[in-house]
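For reference, the structure discussed in these notes is given below.
Each value in this text was obtained by applying a stated rule to the coordinates, not by laboratory testing. Everything numeric here is computed off the predicted structure, so don't read it as measured data. When we count neighbours, we look across all protein chains shown, and the Cβ atoms used for this are built from the backbone with ideal geometry, even at glycine.
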Amino acid sequence: MTEKSTTCKVLMYKNKPCGRQLYDDQGMCICHSKLENKDVSHFQNEIDNIFKDDTSDRLDFNRFFFPKKDWRFFRQTFHKDANFKFAEFSGIVNFWNAEFSGKANFYRTRFIGKAPFYRTKFIGKVEFERTEFSTEAIFRRAQFSDKADFYLAEFSGKANFGRAEFSGKVNFLSTFFYEGILLRNGIAKSGAHIIFDIDHLIYNYLWVKCVKRSENISRNEMWRVSADIRSFKIDKNAVVTFLKVSMEGVHLLESDISRMEFIAVEWPKTNRWHKRRTLADEVIENVRYEAIVDEIERKKKCSLIAQVYQGLQEIYINTYRYLEAGDFFVGEQEMRRKGKGKLGQYFSLNNAYRILSYYGQSMLLPLFWLFGVISIVPGLLMYGEVRINLQDKSDIVTYNWSFNISDLLFLKTDYWQTFLLNFSFMAFSRSKMHDALTEPWQLALVNIEALVVIGLVAMSLLAVRRRFKRKNF
Ligand SMILES: [Zn+2]
């Protein structure tokens, strides 16, 4: 039997035992005791002593248990490296305007109550690895001057980083955002590199719970967690990287798209026949399309979304990913078209371009119109005289459609002959046109047809070329 220790044996920084006087019968001091009703003023004294202690090179709160109370580190300067590893806060802890001059380590710290880090300045490196935030975590206007690591941190409530400033590397890899992350109006300053991977941006609370209980859950049962990265400013030499992120809930309006990186991300697709990659912002605006009563407001929204699409195109073209770039080009054009208002969206050049060739992306659509044109023109030509047999000038056909059912079902031989004649003008030679057609309007019609056909063929070929364009070595 060893003699019962009279001091606290809880291991602190560098596995050094705590050494404070025992407080409870579990062999722990007032700082480490898990008793909820422990003497708060005594505990506060111990904390004050840590700040006053000149002999230690750090502020060591390793494994401290903070009972339910509002703890205030309001405007507190942590003048040395601060260590909150494994600490637990049962109540609210307030770091408003606090400043961490050295490193700050919150490895596996548990915040049961709210933990506002509003305007908190992290001058040195900050570690939030595996930190648990049980309610909303507020990092609004916080400043991260050096590296910040949120690896495997769990945000059970919303992670609010609105207007926060980042200057170093920020690791959001494998971070769990159960209620989403808000980075709106934040700034990545020169030298910053913020990285998200995110299976974890899409998988929700439910999923994590089920995985923890080793249950199976299908992807469809999960809801997407949103990331609001609107109006996010990215300085020169700063990057925001999305790695394997499902972009379904990621909102990027008014941000510096050109300094973002998208690696193996998954864009949501439209439900229409052309499954085009879209922005979450566009999907949302479509849902609320009717709700945006104000025409000016709607035009503004459309123009902003178009700008994001334009930025994405540049990124994807620069990295030779033309398929995606094509989708974003369509997205941009669609937004420009919809921005033209209720009538303008249908009666505009954009819409004509869309109908003719899906903004130059479809190779089949122009061919469809081409088929339409060369089918209709022969019928029109037959309103005048058409000499079918050019050797025997007596063989003339003219329009005599009777519009009875059999005529329409088994198109008349005259029509087919005219069709072939007209087709030969388009495909081979138009020199015999003057022998076959007599009236000036017929000649004009065929000339116009020729121009339209050339245009449509060109559109189709360009779409093919776009699809198969590759990097030239
Ligand atoms: Zn202790």
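Given in Å, the Rg to one decimal and the Dmax to the nearest whole number for the Cα atoms of region 280-388 are 18.8, 60.
For a footprinting-style exposure proxy, rank Thr438, Thr6, Thr131 by other Cβ within 10 Å, fewest first. Don't skip to the end; give the middle numbers.
On the way: Thr438 13, Thr6 8, Thr131 26.
Ordered from fewest to most neighbouring Cβ atoms within 10 Å, Thr438, Thr6, Thr131 come out as Thr6, Thr438, Thr131.
Put simply, the amide H of Gly180, placed in the peptide plane, has neighbours under 5 Å in Ala159, Ser226, leaving out anything fewer than 5 places away on its chain. Residues whose amide H comes within less than 5 Å of that of Thr241, counting only those at least five positions distant or on another chain, are Ile194, Ile195, Phe196, Glu261 (H built at 1.01 Å from N in the peptide plane).
Our note on the geometry: Cα centres of region 52-95 and region 292-323, 46 Å apart.
Potential lengthening of the chain between Arg465 and Lys68 amounts to 136.2 nm, from the contour at 0.36 nm per residue minus the alpha-carbon distance.
Computed extension length for Ser101-His274: 56.9 nm, one decimal, from 0.36 nm per residue of separation with the Cα-Cα distance subtracted. Taking each of Lys38/Lys169; Lys114/Lys300; Lys38/Lys103; Lys34/Lys158; Lys38/Lys85; Lys125/Lys244 in turn, the alpha-carbon distance tops 32 angstrom for Lys38/Lys169; Lys114/Lys300. The 3J(HN,Hα) values that the Karplus relation (6.51, -1.76, 1.60; θ = phi - 60°) gives for region 331-341 are, in residue order, x, 4, 5, 4, 5, 5, 5, 5, x, 7, x Hz. Gly and Pro appear as x.
How much FRET efficiency would the formula 1/(1 + (r/R0)^6) give for Ser174 and Lys300, where r is the Cβ-Cβ distance and R0 is 41 Å, rounded to 0.05? Let's see the in-between values first.
On the way: r = 37 Å, r/R0 = 0.90.
In this case the efficiency is close to 0.65.
Using θ = phi - 60° in the Karplus curve 6.51 cos²θ - 1.76 cosθ + 1.60, the 3J(HN,Hα) couplings for region 243-256 round to 10, 6, 8, 7, 7, 4, x, 9, 10, 10, 3, 6, 9, 7 Hz; x is entered for Gly and Pro. About its Cα centre, how strong a charge dipole does region 40-192 have in debye, to the nearest 20, once Lys and Arg get +1 and Asp and Glu get -1 at the Cβ? The dipole of region 40-192 has a size of about 460 debye.
Legend: calculated FRET efficiency, Ile448 to Leu343, from the Cβ-Cβ distance at R0 = 35 Å, rounded to 0.05, equals 0.80.
In a solvent-free Debye calculation with one equal scatterer on each Cα, what is log10 I(q)/I(0) for region 10-152 at q = 0.10, 0.13, 0.20 Å⁻¹, listed in the order of the q values? Each listed q corresponds, in turn, to -0.31, -0.53, -1.35.
Averaging the Cα positions of each part gives two centres, and for region 363-385 and region 454-468 these lie 19 Å apart. Partner aspartates and glutamates whose Cα lies under 17 Å from the Cα of Lys301, excluding those fewer than 8 positions away in the same chain, are identified as Asp228, Glu254, Asp256, Asp281, Glu282, Glu285, Glu290, Glu332, Glu334. Residues within the reach of a label modelled at Gln21 (point 7 angstrom out along Cα to beta-carbon, backbone nitrogen below 17 Å), restricted to region 42-79, are 42-50. For region 61-318, the alpha-carbon radius of gyration amounts to 1.06 times the rule-of-thumb value 2.2 N^0.38 Å expected for a compact globular protein. For Glu385, nonlocal amide neighbours, meaning residues 5 or more places apart or on other chains whose placed amide H falls under 5 Å from its own, are Thr438, Glu439. Taking 0.36 nm per residue of separation and subtracting the Cα-Cα distance, full extension of the segment from Ser375 to Gln307 would add 20.4 nm.
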